[in-house]
1. Round to the nearest 10 and give me the degree value, 0 to 90, for the angle of helix 14-29's Cα axis relative to the longest principal axis of the chain.
2. Treat the count of other C-beta atoms within 10 Å as a stand-in for reagent exposure and order 227, 55 from fewest to most.
3. Over the chain, calculate the relative contact order: mean separation of alpha carbon pairs under 8 Å at least 6 apart, over the residue count, as a percent.
4. Based on Cα coordinates alone, diagonalise the gyration tensor for region 105-245, multiply each eigenvalue by 5, take square roots, and list the semi-axes in whole Å, largest first.
5. Run the helix sum for the chain: -39,500 (n - 2.57) per DSSP H stretch of 4+ residues, divided by residue count, reported at 222 nm to the nearest 500 deg cm²/dmol.
6. Among residues other than residue 196 whose Cβ falls under 10 Å from its Cβ, what is the net charge (Lys/Arg +1, Asp/Glu -1)?
7. Going Cα to Cα from residue 64, which aspartates and glutamates come in below 15 Å? Please leave out same-chain ones fewer than 8 positions away.
8. Considering every Cα-Cα pair within the chain, what fraction, in whole percent, is farther apart than 36 Å?
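No lab work stands behind these numbers, since they all come straight from the coordinates. In this text, all values refer to a predicted model and were calculated from it rather than measured experimentally. In this analysis, Cβ positions are derived from the backbone assuming ideal geometry, glycine residues included, and neighbour counts consider all displayed protein chains.
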Amino acid sequence: MRQLKVAVIHSHVEKSLKAADTLYKLLTARGHEINREQPDIVISVGGDGTLLSAFHLYNHKLDKVRFLGVHTGHLGFYTDWRDYELEELVETLCTNQEKSVSYPLLDVRIKYRNGKPDKHFLALNESTIKRGNRTMVADIYIKDELFERFRGDGLSVSTPTGSTAYNKSVGGAVLHPSINAFQLAEIASLNNRVFRTLGSPIVVAQQEWVEIKLQDSTDYLVTIDQFNIQQDHIDSVHYRIADERIHFASYRHMHFWHRVRDAFIGDL
């Protein structure tokens with residue numbers, strides 16, 4: 001039997017606390033070590049938001065850890081297990097039948113005008129740029145070539161797995177996670193006889209990148225997954241597919257389109 005070092009990251013709702021406590025007992029009873037510093041597997045107990053938090057806790061160890069999700073509510077896009085299946089989950093950890101599935105991540109680099117060092121982030125779902133209560137004006141470059149001047153409420157940049165989140169609500173397409181690309185979607189763009197943008201989401205290939213150059217202002221809000229980052233005097237935000245990938249311990253992997261149908265359509 002394999003002994004693993006396991007970190008359990010959970011939300012603080014009652015159902016998740018109860019499931020995490022049960023999981024601790026089952027894991028230690030089978031000889032696994034609870035280790036939040038150097039885990040082999042990170043188990044998220046809660047919802048997709050909890051998994052996102054777990055990802056950001058360990059995104060500096062992506063070459064060493066695998067993730068596994070336990071959902072304590074409705075079906076999530078990053079969770080293969082339910083809270084009533086914990087005994088079966090722990091039992092499968094002891095087998096050698098594990099497969100690994102990996103998903104692309106978004107590399108985000110923020111550049112400033114005032115000599116402040118660049119900031120670098122990884123996003124599992126998405127990043128957005130907005131500007132307070134005023135119209136945002138930005139020049140969008142694809143592979144260093146000007147594509148369009150955008151005017152509107154903001155821009156959303158998402159990974160394939162994040163395409164079912166905010167991206168979908170602003171009219172973006174749902175991308176299968178096997179597609180190694182990212183998506184740029186406009187948020188309430190201003191289009192008339194004077195101002196014109198493409199007005200449609202675009203899918204950017206792995207070998208390409210997007211740079212969004214902003215007018216000088218102190219009221220930009222950049223999001224990285226669920227985190228809000230107030231930014232002053234941004235020069236530009238640079239997006240590309242990251243070199244790193246997130247790896248999930250896949251003992252049984254639900255078909256992506258089944259997840260989409262279950263989340264948005266339900267039983268036919």
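1. It works out to around 50 degrees.
2. Going from sparsest to densest Cβ surroundings: 227, 55.
3. It rounds to 20 percent for the chain.
4. 21, 18, 14
5. Calculated from helices alone, the mean residue ellipticity at 222 nm is -5000 deg cm²/dmol.
6. Summing Lys/Arg as +1 and Asp/Glu as -1 gives +2.
7. Answer for residue 64, where 15 Å is the Cα cut-off: 37, 40, 243, 244, listed by chain and number.
8. When every Cα pair of the chain is considered, 21 percent fall beyond 36 Å.
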